[in-house]
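The structure under discussion appears below in the form of structure tokens.
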Amino acid sequence: MKAIIDIKALKKDYHVGEVTVHALRGADLKIYKGEFVAIMGASGSGKSTMLNIIGCLDRPTEGTYLLDGVDVARISRNESAMIRNLKIGFVFQSYNLLSRTSALENVELPLMYNPSIKAKERRERAIASLEAVGLADRMGHMPNQLSGGQQQRVAIARSLVNDPVVILADEATGNLDTRTSYEIMSLFQELNRKGKTIVFVTHEPDIARCMTRSVVFRDGHIIKEEEIISRLYAAEMIKALPVEAE
Amino acid sequence: MNLGNLIKVAINALKRNKMRSFLTMLGIIIGVASVITMLAIGQGSRKSIQDQIASMGSNMLFVMPGNMRMGGVQQGSSVSQRLTVKDADAIAAECDAVIAVSPEVRSSGQAVYGNSNWPTTIYGGSDKYLEIRSWKVVSGRNITDSEANGSAKVCLVGRTVADELFGEGVDPTGETVRFRNIPFKIIGVLGEKGQNSFGQDQDDVIIAPYTTVQKRILAQTHIQSIQMSARSAEESALAQSQVEEVLRRTHKLREEENNDFEIRSQEELSTTMTSVTEILTILLGAIAGISLLVGGIGIMNIMYVSVTERTREIGLRMSIGGRSVDILLQFLIESILLSVFGGLIGILLGFGASAIVEALTSWPISVMWGSVILAFAVCTMIGVFFGWYPARRASSLDPIDALRFE
């Protein structure tokens, strides 16, 4: 099987004043197509740094990183912007939607930075993307007219619209209540079932158990990597929740 | 991102904050409108003064008696009796840059017709006098050469004198008016000139042959001034030096003696007067320019606030593939749009304000296209200049920090 993400001996140092912080001290990670990987660890363990490097938002100090077969460890700022635009979809904890901008326009945004996609195709793909997350009837709504779960769905639609090789989610359920986070997780599982590769940073164990593999960081090292054996399915977990009083 | 999308994004961003965008533009609007209006007012007042000076005569020069020394006593210019008709004749004969010459004598007094009377000034001149002073005859005829030299008791009256003595709009040609008890036959009426720039009524005059005024009214042989026309405005200076040469000779002035006369030209007068309005225009324009600058600083301020406020948006745009240059252009275009839209509104407002000033002052105010183009160019430059630093700051943000910004 082909590794979409192939990281070897990755190190990342930050210089804060005169102190050097070793955020990553040599990590190896391979992620294959169709995987749904949970990245876990306490804060300061290096998981966010890893996600930033995987997302080409940051460059490693040492080590190699092949994304979809391309070496992206030493590329320029502009090249990394292009890689992000074509190959990566981000989902953030706080949604990061543009305010006073409709759901449809928010989803269109990544394609605006791709000059080879014309307005008509952009619109069609954004509509398809919103349909895929179940928001076909909310396209014209502004973020402040949507619930938290709906806003995160818009953000997921935005991460899908450029058909990325990997979706990176940074605590994407962190701001949501249990029911809504299961609903969002159910959506991620469905996307994964359709073949999307997803890397998901979380520190909630029940959320991590919805995925196929977990990677645990501590002090800049990967200390544990394991397949999830008794995988949970979010759709069933919702049914198990007590019925809320209307 | 291509330019069309960038402009769309910038317009959307401005629309999201309509009130703030408008207030930011207001600085530019007021600045541009005031630059255009001030320059138009300056141009208008200058033109109005030039028109008034042109109405005084055509390429006119005039000689007045100057200071003179008599037996060691410095005399004032008004008592001088050195200018004579002979001087005028000599100028006419010898100065080729001068095309018309007329002696001028004047006296104030009461003009009487029937039981009406009116205080006015009588000017004595030759048949050339009207031409030099740009007077037109609207009814009747000019003084002839033989009347001018033969002390004929004829005269032309200005519109004000005609109105006061004969009634509003009446044509008094052929009537006889008495001035200092001398009866003058009115042979014509002068065209209206209106007030000059000092507020004097230029139509309150009677013009008669200089010989008549000299002999019958003033009983003197000297004249008060000599009025002349240069061939063209360009030859005004040449005419001036020719006249000076002739008069120094006829007045038998020695090398070391100062002129006992003074030559003034319409050119000089015009330059003096317009230089005043030019200074005024520069002053007004500079003040307006400063307000435009303040408007630009307002844009910079708001753009800085906007960059800080939208740090997360910048981070997001970078994370989904926006390059630094895309972010830079987005903010730069926003500030250019602010200043250019503001500039366009300001130009319209400037036209409106100029029209109002024109209606209130009756100056011939015209908005100079130069100032419109200038204002527009300055606006675009302000947009680029004051937008550059905030946009630069936005584009150099680190996407990770920007995304985490609270």
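The numbers here are math on the coordinates, done by the rules we state, and not lab data. It should be emphasised that the depicted structure is a prediction, and the values quoted were computed from it without experimental measurement. All Cβ positions, even for glycine, are placed from backbone atoms using ideal geometry, and neighbour counts span all protein chains on display.
Here are the numbers for the structure shown:
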{"item": "Only listed residue being assigned to a helix (DSSP H, G or I), of a type in the set (D, E, K, R), out of contact with any His (no Cβ under 9 Å at 6 or more places or on another chain) and closer than 17 Å to residue B:214 by Cβ, chosen from B:131, B:164, B:147", "result": "B:147"}
{"item": "Checking residue A:192 against (1) under 22 Å from residue A:47 (Cβ atoms); (2) free of Cβ contacts under 8 Å to residues at least 60 places away in the same chain; (3) under 17 Å from the mean Cα position of the chain (by Cα), the condition it does not meet", "result": "(2)"}
{"item": "Test: residue A:27 is touching a strand residue (DSSP E or B) at 6+ places or on another chain (Cβ under 6 Å), more than 12 Å from every other protein chain (Cβ to nearest Cβ) and more than 18 Å from residue A:199 (Cβ to Cβ)", "result": "no"}
{"item": "Within segment A:111-155, tally of residues that are over 20 Å from residue A:100 (Cβ atoms), within 14 Å of another protein chain (Cβ to nearest Cβ) and free of Cβ contacts under 8 Å to residues at least 12 places away in the same chain", "result": "7"}
{"item": "Where residue A:95 falls short, out of the listed (1) in a strand (DSSP E or B); (2) buried (at least 21 other Cβ atoms within 10 Å of the Cβ)", "result": "(1)"}
{"item": "Residue satisfying condition, being buried (at least 24 other Cβ atoms within 10 Å of the Cβ), outside any helix (DSSP H, G or I) and in contact (Cβ under 8 Å) with a residue 40 or more places away in the chain, within set B:322, B:383", "result": "B:322"}
{"item": "Scope segment A:56-94; condition of a type in the set (Gly, Ala, Ser) and away from chain B (no Cβ under 14 Å); matching residues", "result": "A:63, A:69, A:73"}
{"item": "Residues being more than 16 Å from residue A:32 (Cβ to Cβ), of a type outside the set (Val, Ile, Thr) and crowded, with 16+ Cβ neighbours inside 10 Å - total across segment A:193-208", "result": "3"}
{"item": "Segment A:85-99, residues that are over 12 Å from the mean Cα position of the chain (by Cα) and closer than 17 Å to residue B:402 by Cβ", "result": "A:85, A:94, A:96, A:97, A:98, A:99"}
{"item": "Residue under evaluation residue A:131, criteria (1) surrounded by fewer than 19 Cβ atoms within 10 Å (Cβ to Cβ); (2) in a loop (DSSP other than H, G, I, E, B), criterion not met", "result": "(2)"}
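Yes/no per residue for (1) within 14 Å of another protein chain (Cβ to nearest Cβ); (2) under 35 Å from the mean Cα position of the chain (by Cα); (3) closer than 30 Å to residue A:77 by Cβ:
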position: B:317; (1), (2), (3): yes, no, yes
position: B:335; (1), (2), (3): no, no, yes
position: B:380; (1), (2), (3): no, yes, yes
position: B:393; (1), (2), (3): no, no, yes
position: B:403; (1), (2), (3): yes, no, yes
